[in-house]
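The values are calculated or read from the model by the stated rules, or taken from the named source; none is laboratory data. Quantities reported herein were computed from a predicted structural model and do not represent experimental measurements. Here Cβ is always computed from backbone atoms with ideal geometry, including for glycine, and neighbour counts include all displayed protein chains.
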Amino acid sequence: MILTLLARIVHGSSFWAATGGMDRKLVIWDLQHSMPRSTCEHEDGVTCLTWLGASNYLATGCVDGKVRLWDGRSGDCIRTFSGHASAIQTLSVSANRNFLVSASIDETARVFEIAEFL
């Protein structure tokens, strides 16, 4: 099982963490209450994830080659990006937070505009 963990401070005193794995789930955890805040179902395994700057939004990269944007508060998928033929290896947000870059094992990289979500 592949597991990715990223901790994050949200709304001052609230602590959230996000996990994703081959169980096809993104789980957003409320660390103060030691319980899941949201569980976000995927069509395939989650290979990587990242928070989008200082926002409440996350991006996941998956085995199916898709990148999905999630609202961390509601657990809703707000956008799905396609363009890779194989699993996503890594995700990175640009310094100005306007773009999300994905890289895949198919040896391609894609740049997606995300400014409207932040």
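Looking at Met35 and the list (1) within 16 Å of Gly21 (Cα to Cα); (2) at pLDDT below 95, which single condition is not satisfied? If we test Met35 against (1) within 16 Å of Gly21 (Cα to Cα); (2) at pLDDT below 95, just (1) comes out false. One residue stands out among those in the range 55-75 that are more than 11 Å from Ser104 (Cβ to Cβ) and of a type in the set (D, E, K, R): the one that is surrounded by the fewest Cβ atoms within 10 Å (Cβ to Cβ), which is Arg73.
A count restricted to the range 30-54 and to residues that are assigned to a loop (DSSP other than H, G, I, E, B) and over 15 Å from the mean Cα position of the chain (by Cα) stands at 4. Tell me, which residue of the range 108-118 that is exposed (fewer than 15 other Cβ atoms within 10 Å of the Cβ) and at pLDDT below 95 is nearest to Ala54 (Cα to Cα)? Selected residue: Leu118. Does Leu69 count as at pLDDT 90 or above, assigned to a strand (DSSP E or B), among the aliphatic types (A, V, I, L, M) and under 14 Å from the mean Cα position of the chain (by Cα)? The answer is yes for Leu69.
Apart from one condition, Ala95 fits all of (1) more than 15 Å from the chain's Cα centre (by Cα); (2) modelled with pLDDT under 95; (3) surrounded by 13 or more Cβ atoms within 10 Å (Cβ to Cβ); the exception is (3).
When Ile78, Ile105, Ile2 are checked against the criterion of being modelled with pLDDT of 95 or more and loosely packed, with under 14 Cβ neighbours inside 10 Å, Ile78 stands alone in meeting it.
Can we say Ala18 is among the hydrophobic types (A, V, I, L, M, F, W, C) and either surrounded by 19 or more Cβ atoms within 10 Å (Cβ to Cβ) or within 12 Å of the chain's Cα centre (by Cα) (or both)?
yes
Against the criterion of being β-branched (Val, Ile, Thr), free of Cβ contacts under 8 Å to residues at least 24 places away in the same chain and buried (at least 16 other Cβ atoms within 10 Å of the Cβ), Val27 qualifies.
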